[in-house]
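J.: I'd like to ask you about the structure that follows.
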Amino acid sequence: MNDQLAFFTVGIPLFGAIFASLAGLWRAHWCQRIAQTAIVGTAIVTVGLFLQVNEVGAVHYQLGGWPAPIGIQFHVDPLNALVLIVITVFAGLALWAAPTALQDELPGQERFVYPLMLLLVTGLLGMTVTGDAFNLYVMLEITSLSSYALVAIGKGRAAVSCFTYIVMGTIGASFYLLGVGYLYLKTGSLNMLDIKRVMLEGHLIQSQTSITGFILITVGLWIKMGLFPLHGWLPNAYAFAPHAVTNLIAPLMTKVSVYVAVRYMLMVFTPDFMLAHENWSDIGQIIACVAIGAGSLIAYSQTDLKKLLCYLLVAEVGYMVGGMWLVNPVAFKGVIYHIVSDAAMTSCLFLGAASVIQATGHRHVHALRHAAKTMPWTFAAFVLGFLSMIGVPPTCGFFSKWFLISGAVAEGAWWYVAALLFSSLMNALIFFRLVEMALFSDVAHPADEVMDMGKNGEAAIGLRLPLWVSSLFVLGIGLAAQPFGGWIERIVRQVGGWP
Amino acid sequence: MTDLMEFVVSRFNYWIYVVLMMIGLYAMISKRNYVKKLIGMTIFQTSIILFYVSIGVKSNATIPIVDHHDVVHSEILVDHYANPLPHVLMLTAIVVGVATLGVGLAVIEKIYRQHGTIEEPELLADVDQT
């Protein structure tokens, strides 16, 4: 039983999705029960797997019993076991909030949404757990296809935004596939560990083919994670998707793509490969700095609440890519810690936005007017998420910035430090604009009359509970930063081969 | 000049896939009609399938199906058979491509029902109005 755990991480949500769609034909409300049960089951399995991996080291699971270089292998080390837990926990929160959000927005469509959500989670878990480069492409496409359908199910601009998402997403996935093709051409293998072995034994660090493969894979993943200037699809697709869907895809999809990029850097190409090429690290950092600056600036100019958060997300992706390209263990610690903490704070913020929009019926930032008075509890959790976005201790956002900045200082990457601080500053400006609206609402404003503000109460309890839990995660991950960060650094040094 | 010709001709499969890929990319970026964009996307994906299939080719090799008769009488030489792995991978990629195309067409149909057009400029004007 214990050696089958790696399979169950993908198996439970996959079969859950099949059962949920079948049950949906007969009794629509069973969909929700099956979906939530499947997620809870997966969460238990991932925690078990995490404990197991921490005890005995990396676990390899051969699918169908075919040995490694030929068959598909699931490779679980402590690092991706952590990411698996993050995925199931925040997918669980999204599914917890989903019934209330869907009831409001898409009544009667539940039986289409839940199976797709489970399939999306299957793809995300598969991308994280797999040790096979081509299998990763298949999982990436499972994730993308279900997210296309989930985004398109929304109303208004969702369909048009989704089309851009499909085209851009396909270009990204195709680039990734092409990159895998080049790696296969040079090494004759699709297994990540085997590719690494062949590249080290054959001294392929300077080979044109492996460099081309690396660049194609990196650019493909950049499109998938929405790194500026390849982010064009992200804000509209995420902002106009139904709230229940945004709560699921916004915290998880970019983070998992970032993790895949980290995995390629540490496990397949090794840090030596990054450092063997002059200027690469600088180019990566420059792109990341531009992404951070642009994301924060555009976010400041937004008036749509969810779109504003999406641009903050674009800036956050810049943080993680910049941290990766510093190529040192402290910065990688920051990146992994940021994957966890960013999942928590985006989950908190998007759940908060969904609650505010659900309670007021408006998606303009003016929906927050009077919020401190009319919905203090919802607003308090939202504020906590935003404080973490700025980087105020003891929230987790402070510590991830701290780790990233200490990594950057060690490398002398001052531009990256400046970009991080600039982004904090911009986030603080946005925050004060929102807080001003929520607190000082006795000053009359034309929006009050037009939007009928100040008469609504708290958001529905089904949205508020997951919101509070996610805000507790924001605090908890921050308070546990020292031991947690130390643990991550030990693992990163082990995986990346640093002393 | 002959060097250049040799460089081009000896790698003609890569040239073809790159040219097809760029045609697809061009169509996706510059065509105004959403169905044409999807056609470009399909060309783009197909070019990658072509790339994979072409790297499995060996000269004077046959299809990778082993005759039982041959196994008994002579040993199997890898050089006599084309590499089946890239082909098998592309079966999956074709399925993914078809699924993407299907989702894309479904979304276009939804767009048409909502806005009554699939031409980008008219569509964006319509979206801005509502």
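The values are calculated or read from the model by the stated rules, or taken from the named source; none is laboratory data. As the structure is a prediction and not an experimental result, all values here were calculated from the model. Cβ placement follows ideal geometry from the backbone for every residue including glycine, while neighbour counts extend to all protein chains displayed. Surface areas here come from the heavy atoms of the whole protein model, side chains and all, with no ligands, DNA or RNA. Shrake-Rupley method; radii C 1.70, N 1.55, O 1.52, S 1.80 Å.
J.: Relative to the Cα centre, what is the charge dipole magnitude of chain B, using +1 at the beta carbon of each Lys and Arg, -1 at the beta carbon of each Asp and Glu, and rounding to the nearest 20 debye? Walk me through the numbers before you get to the answer.
T.: On the way: 8 positive and 12 negative charges, 74 e Å.
Dipole size: approximately 360 debye.
J.: Under 21 Å between alpha carbons, and skipping anything fewer than 8 positions from A:Lys373 in its own chain: which lysines qualify?
T.: A:Lys455
J.: Taking Cα centroids, how far is segment A:41-94 from segment A:356-387 in Å?
T.: 37
J.: Going down the table (B:Lys36/B:Lys58; A:Lys196/B:Lys37; A:Lys306/A:Lys333; A:Lys307/B:Lys37; A:Lys224/B:Lys31; A:Lys224/B:Lys58), which pairs top 31 Å between alpha carbons? Write out the running numbers ahead of the final one.
T.: On the way: B:Lys36/B:Lys58 36 Å; A:Lys196/B:Lys37 37 Å; A:Lys306/A:Lys333 29 Å; A:Lys307/B:Lys37 26 Å; A:Lys224/B:Lys31 23 Å; A:Lys224/B:Lys58 35 Å.
Table pairs above 31 Å Cα-Cα are B:Lys36/B:Lys58; A:Lys196/B:Lys37; A:Lys224/B:Lys58.
J.: Let me cross-check A:Ser471: its accessible surface, 1.4 Å probe, with only protein heavy atoms counted, in Å² to the nearest 10?
T.: Near enough 10 Å² of accessible area.
J.: Here's something else I'd like to know. Compare A:Ser146, B:Ser10 by solvent-accessible area with a 1.4 Å probe and give them largest first, with all protein chains kept in place. Each step should come with its number before you reach the end.
T.: Details: A:Ser146 5, B:Ser10 75 Å².
So, going from the largest accessible area down, we get B:Ser10, A:Ser146.
J.: Sticking with this one: Roughly how tilted is helix A:481-496, in degrees to the nearest 10 and between 0 and 90, from the longest Cα axis of chain A?
T.: In chain A, helix A:481-496 runs at an angle near 30 degrees to the longest axis.
J.: Can you compute the FRET efficiency between B:Thr117 and B:Ile29 using 1/(1 + (r/R0)^6), with r the Cβ-Cβ distance and R0 = 22 Å? Round to the nearest 0.05. If you can, show how the numbers build up before the last one.
T.: Working: r = 20 Å, r/R0 = 0.90.
Once the sixth-power term is evaluated, E becomes 0.65.
J.: Please state the relative contact order of chain A as a whole percent: Cα pairs under 8 Å, 6+ residues apart? Don't skip to the end; give the middle numbers.
T.: Numbers: 852 pairs, mean separation 71.5, N = 499.
Over chain A, the number comes to 14 percent.
J.: Tell me, in nm to one decimal, what length is gained between B:Asn60 and B:His80 on full extension, where the rule is 0.36 nm per residue of separation less the Cα-Cα distance?
T.: Details: separation 20, 0.36 × 20 = 7.20 nm, distance 0.69 nm.
Full extension of this stretch gives 6.5 nm more.
J.: With every protein chain present, what accessible area does A:Leu384 have (1.4 Å probe, heavy atoms only), rounded to the nearest 10 Å²?
T.: 40
J.: Moving to a separate point now. With angles folded into 0 to 90 degrees, how steeply does helix A:329-360 sit against the dominant principal axis of chain A? Use alpha carbons for both and round to 10.
T.: 30
J.: Based on the alpha-carbon gyration tensor of segment A:278-499 and its eigenvalue square roots a ≥ b ≥ c, which shape applies: rounded if a/c is under 1.5, prolate if not and a/b is larger than b/c, or oblate?
T.: Details: a/c = 2.92, a/b = 1.85, b/c = 1.58.
Taking the square roots of the gyration eigenvalues as a ≥ b ≥ c, segment A:278-499 is prolate.
J.: Hey, another quick one. Suppose R0 equals 25 Å; then what is the FRET efficiency for A:Phe432 and A:Val290 from their Cβ-Cβ distance, rounded to the nearest 0.05?
T.: Working: r = 25 Å, r/R0 = 1.00.
With a Förster radius of 25 Å, E is 0.50.
J.: Nearest 100 Å² is fine: how much accessible area is buried between B and A, summed over both sides, with a 1.4 Å probe? Could you put the intermediate results ahead of the total?
T.: Numbers: alone 9730 and 18190 Å², together 25130 Å².
Result for this pair: about 2800 Å² buried.
J.: Can you work out the FRET efficiency for the pair B:His68 and A:Phe15, with r the C-beta to C-beta distance and R0 = 51 Å, to the nearest 0.05?
T.: Numbers: r = 38 Å, r/R0 = 0.75.
E(calc), rounded to 0.05, equals 0.85.
J.: Sticking with this one: Pick out the long, greasy-scoring helices in chain B: whole DSSP H runs spanning 20 Å or more along their own axis by Cα, mean Kyte-Doolittle at least 1.0. Write out the running numbers ahead of the final one.
T.: Details: long enough: B:12-30 (27 Å, 1.59); B:34-55 (32 Å, 1.30); B:84-115 (46 Å, 1.13).
Qualifying helices: B:12-30, B:34-55, B:84-115.
J.: Here's another thing I want to ask about it. Divide by every residue of the protein assembly as shown the summed helix terms, -39500 (n - 2.57) for each DSSP H run of at least 4, and state the resulting mean residue ellipticity at 222 nm, rounded to the nearest 500 deg cm²/dmol. Intermediate results must be reported in sequence, preceding the final value.
T.: Details: 27 runs with 486 residues, N = 629.
Helix contribution divided over all residues of the protein assembly as shown: -26000 deg cm²/dmol.
J.: Heavy atoms only, probe 1.4 Å: what % of the accessible area of chain B goes to carbon and sulfur, would you let me know? Show your work: numbers first, answer last.
T.: Working: 5590 of 8370 Å².
Reported share for carbon and sulfur atoms: 67 percent.
J.: Further, regarding this structure: Based on alpha-carbon centroids, what's the gap between segment A:279-305 and segment A:136-209 in Å, whole number please?
T.: That distance is 23 Å.
J.: Tell me, what is the per residue accessible area of chain B in Å², probe radius 1.4 Å? Numbers along the way, then the final one.
T.: Working: 8370 Å² over 130 residues.
Using a 1.4 Å probe on heavy atoms only, each residue of chain B averages 64 Å².
J.: Taking every DSSP beta bridge with both residues inside the protein assembly as shown, roughly what % is antiparallel (nearest 5)?
T.: Values: 8 of 9 bridges.
Roughly 90 percent of the beta bridges in the protein assembly as shown run antiparallel, per DSSP.
J.: Which is farthest toward the positive dipole end of segment B:2-129 among B:Phe7, B:Leu77, B:Leu50, measuring Cα position about the Cα centre, with Cβ charges +1 (Lys, Arg) and -1 (Asp, Glu)?
T.: Result: B:Leu50, furthest along the dipole toward the positive end.
J.: In addition: Each label point is 7 Å from the Cα along the Cα-to-Cβ direction; what then is the distance between the points at A:Thr303 and B:Val98, in nm?
T.: 4.8
J.: Size of the dipole of the protein assembly as shown about the Cα centre, Lys and Arg at +1 and Asp and Glu at -1 on the beta carbon, nothing else charged, in debye to 20? Mind showing how you got there, number by number?
T.: Details: 31 positive and 36 negative charges, 182 e Å.
With only Lys, Arg, Asp and Glu charged at Cβ, the dipole is about 880 debye.
J.: When the Cα atoms of the protein assembly as shown are enclosed in a convex hull and the volume is divided per residue, what value in Å³ results?
T.: Working: hull volume 108.8 nm³, N = 629.
About 173 Å³ per residue, rounded to a whole number.
J.: Sticking with this structure for a sec: To the nearest 10 degrees, how steep is helix A:133-152 against the longest Cα principal axis of chain A, on a 0 to 90 scale?
T.: 20
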